[in-house]
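Working notes, structure below.
No value in this document is a laboratory result; all are computed from the given coordinates. These figures come from a predicted structure and were not determined experimentally. FYI the Cβ positions are ideal-geometry reconstructions off the backbone, even for glycines, and counts take in every protein chain you see.
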Amino acid sequence: MNKRGNWMHVVMLALATIVVTAGAHATDDLQLAIATAAPGAVLSVAPGIHHVHLLLDRPVTLSGKPGAILDGDGQGDVVRIRASGVTLRNLTIRQSGHDLTTMNAGVYVEKAVDGAVIENNRLQDVLFGVYLDGPRHVKVIGNVITGIAELHVPDRGDGIHLWNDAFCVIEGNDVSGTRDGIYDYVSHDDLISNNHIHEVRYGVHQMYTGNETLQGNISSGNVAGMALMSSDRMRVVDNHLFNDSSYGILFNYVTYSDISGNQIHDITGDLGGDGQAVDGGEGKAMFVYNSEFNRIHGNLLADSPIGIHITAGSQDNHVYGNAFVNNRTQVKYVQNVADEWSFDGKGNYWSNYLGWDLDGDGIGDVPYRPNDGVDVLFWKYPSAGVLMSSPAILLLRYVQRAFPVFTPPSVQDSHPLMSIPESLRAKAHDPRH
C-alpha cells in the first residue's frame, strides 16, 4: 500500500468516518476507501459528481452529503453490493447502463447478501433501480426512483426487482417511468408497503410468490395497479389504486389469500401509458381469473366501467362486506356455476340495489342479482350489442324476471347491505383517503 493509502487506513481506524471528496480521482479515492475500510466504517461522500462503478464487498456505510452524486456514465451498475451489512443512504445514483441481459442497475444486490439497507436515495436514469438478486433481509426504504425516459417501455427495467429473495422490506419508495414499479418473482415472506407507484406498466407485478404482504401502496396512472399471478397466501390490504387504465388489481391463479380494505376507483379503460390497450382491460376495478379459495372483503370498488370481473374457474372465493359504488357494470360474472356472495348473513353494498329493508336490520329483504341471461349473451357475443334496445331483448329480460327458472348461473347476494360499511364510508365519500 502506498503512503497515502496507509494514511487513509489509519484515519479510518481512528475516526470510523471518512470524507471522500469529488474530483479528478474520485473513482480511485472512493473505491480505495471502501477497499481499505474497517468493518462498520462510515464513508461520507462529499458533494459533487463521482464518476464510479462501486463494489461494496465489506460491511460499510456509504452516506452522501447534500449534492453527492454517484454517476455511472451510462455503463454497467453504478453500485454493486456483495457483502452483508452494507448501508447506502442519502445519495443521488444515476446513469446506469442500458443492457437488459446483464440487468444493469443503479444498485445491484447479490445473492449472498443477508441484510443490507438502501434508504433515502434518488436513483435517476437507471435501467433497474434496485435489483435484488436473491438476498435476504434487505431493506429498500424511502427512495425516489425514475427510469430512462427515452427507452420504450418494454426496453426498460423495473424500479425495484426482487428475484428469489425472502424477508425483505420494500417501503415508502416513489417509483415512476420504469417498466413495472415493483416486480416480485419467486420470492416469499416480503413486505411491500406504503410505496407510491405511477406512470409505469404494472405498479406491483408478482409471479410465483408466497406469503407476501402488499399493504398501503398507492398506484395511479399505470396500466394496472397490481398484476398478481401464480401466487398464494398473500395479504393484499389497504392499498389505494385509482386512475389506472386497464385494471385496479388483476388476480391470475391466486389462491388462499386475503384481499381486504383496498380502495379501487376511477379505473378508466383508456389506453395504457405506452399507448397500447391490454387484452380484456376494459377498465376493471378488480379482475379475478382462475383464482380460488380467497377472501375478498371490505373493499371499495367504485366509479369504473366494471366493478369486478370473475371468470375462468374462479370458485370457492368468499366475497362479502364490499361496497360496489357507481360502476357502469357492477359485476361481470362469466362462470358455469352459481355463486353466493354473502357470509354469516351479511353481503355487500350495491349502489344500484332497489330492494327494501322492512325490519330495519340493515340487510335488504330481496336478494341482489347483478346479472341476467341477457348480460351473459352480450359478454359471449359482443356483436349482439346492436340489439341492446330492441323489443326482443326487452321481452327476454322481462321473461327472465318473471320466470327465474330461465336465469343462467350467476352471482346472488342473498343479504345485500343497505348502507356502505362503516370502515369504507369515509373513503366512498372522499376517494382521496
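Under 14 Å from a label point set 7 Å out along the Cα-to-Cβ vector of Thr101, no amide N atom of region 56-72 is found. What fraction, in whole percent, of alpha-carbon pairs in region 72-115 exceed 13 Å separation? The proportion of pairs with Cα distances above 13 Å equals 55 percent.
Each other residue within a Cβ distance under 10 Å of Asp266 adds +1 if Lys or Arg and -1 if Asp or Glu, for a net charge of -2.
Under 1.5 on a/c is rounded, so check that first for region 160-202, then, if it is not, pick prolate when a/b is larger than b/c and oblate when it is not; a ≥ b ≥ c are the square roots of the alpha carbon gyration tensor eigenvalues.
Working: a/c = 3.13, a/b = 1.52, b/c = 2.06.
Oblate shape, in that a/c is at least 1.5 and b/c is the bigger or equal ratio.
The Cα trace of region 114-269 gives Rg and Dmax of 13.9, 42 Å, the first to one decimal, the second as a whole number.
Placing pseudo-labels 7 Å out from each Cα toward the beta carbon at Asn352 and Asp155 gives an inter-label distance of 4.4 nm.
What pairs from Lys111/Lys139; Lys65/Lys111; Lys346/Lys427; Lys65/Lys139 go past 26 Å between their alpha carbons?
Numbers: Lys111/Lys139 14 Å; Lys65/Lys111 29 Å; Lys346/Lys427 20 Å; Lys65/Lys139 21 Å.
The pairs that break the limit, which is 26 Å between Cα atoms, are Lys65/Lys111.
Shown is the FRET efficiency for Val366 and Glu340, computed with R0 = 25 Å from the Cβ-Cβ distance and rounded to the nearest 0.05: 0.95. Three semi-axes describe the equivalent ellipsoid of region 129-196; taken as square roots of 5 times the Cα gyration tensor eigenvalues and ordered largest first, they are 20, 13, 8 Å. Each listed q (0.18, 0.19 Å⁻¹) maps to a log10 I(q)/I(0) for region 208-318 from the Debye sum over equal C-alpha point scatterers, namely -0.80, -0.89. Placing +1 on each Lys and Arg Cβ and -1 on each Asp and Glu Cβ, with no other charges, gives region 236-369 a dipole about its Cα centre of roughly 180 debye. Compute the label zone of Asn326 within region 229-251: residues whose backbone N is under 14 Å from the point 7 Å along Cα-to-Cβ. Correct set: 243.
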